[in-house]
Amino acid sequence: MVVTFITAGIASCIPGTNAKETRQTWDGPEHFWQSSCGYCHGGAAGAPELRGTGLRPEVIAIFARQGAPGMPPFHASEISDAELKQLAEWISAQPKPQKQP
């Protein structure tokens, strides 16, 4: 019971995981990254940085759609297949971010 509560609490803090959340307007892959992905994958402890890793877009899209350990899936109601493809290609093409001093 406690585990369920904690898991639900964590999931509700992650953008794109609240079932009551309305679908955000698609403003391109960089905007989606900044508003949904970069929260965890942009330097947060425990979530790997995806940019500059050489991951193929197909792999990125599979993990985003199906989820991964500690990462909820992004459903078609949150990001369409076409948008997800653009996002995955954008992530794959990004260079490794420079560390901030």
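The values are calculated or read from the model by the stated rules, or taken from the named source; none is laboratory data. Because the structure is a prediction, the values reported are computed rather than measured. Positions of Cβ are generated from backbone atoms using ideal geometry, with glycine treated the same way; all protein chains shown enter the neighbour counts.
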Where a residue in segment 23-38 is assigned to a helix (DSSP H, G or I) and of a type outside the set (Phe, Trp, Tyr) and its partner, wherever it lies, is at pLDDT 90 or above and surrounded by 13 or more Cβ atoms within 10 Å (Cβ to Cβ), with Cβ under 6 Å and at least six apart
Pro29/Gln86; Pro29/Leu87; Pro29/Trp90
Segment 24-48 - residue that is under 21 Å from Lys96 (Cα atoms) and touching a helix residue (DSSP H, G or I) at 6+ places or on another chain (Cβ under 6 Å) and, of those, surrounded by the most Cβ atoms within 10 Å (Cβ to Cβ):
Phe32
On the basis of being surrounded by 14 or more Cβ atoms within 10 Å (Cβ to Cβ), among the β-branched types (Val, Ile, Thr) and outside any helix (DSSP H, G or I), does Ile91 make the cut?
no
Enumerate the pairs (first residue in segment 55-69 and under 13 Å from Leu84 (Cβ atoms); second residue anywhere and among the polar types (S, T, N, Q) and outside any loop (DSSP other than H, G, I, E, B)) with beta-carbon separation below 7 Å, excluding pairs fewer than 6 apart on the same chain, so at least 6 apart or on different chains.
Pro57/Ser92; Ile60/Ser92
Can you tell me how many residues within segment 70-88 are assigned to a loop (DSSP other than H, G, I, E, B), in contact (Cβ under 8 Å) with a residue 12 or more places away in the chain and more than 19 Å from Asp27 (Cβ to Cβ)?
2
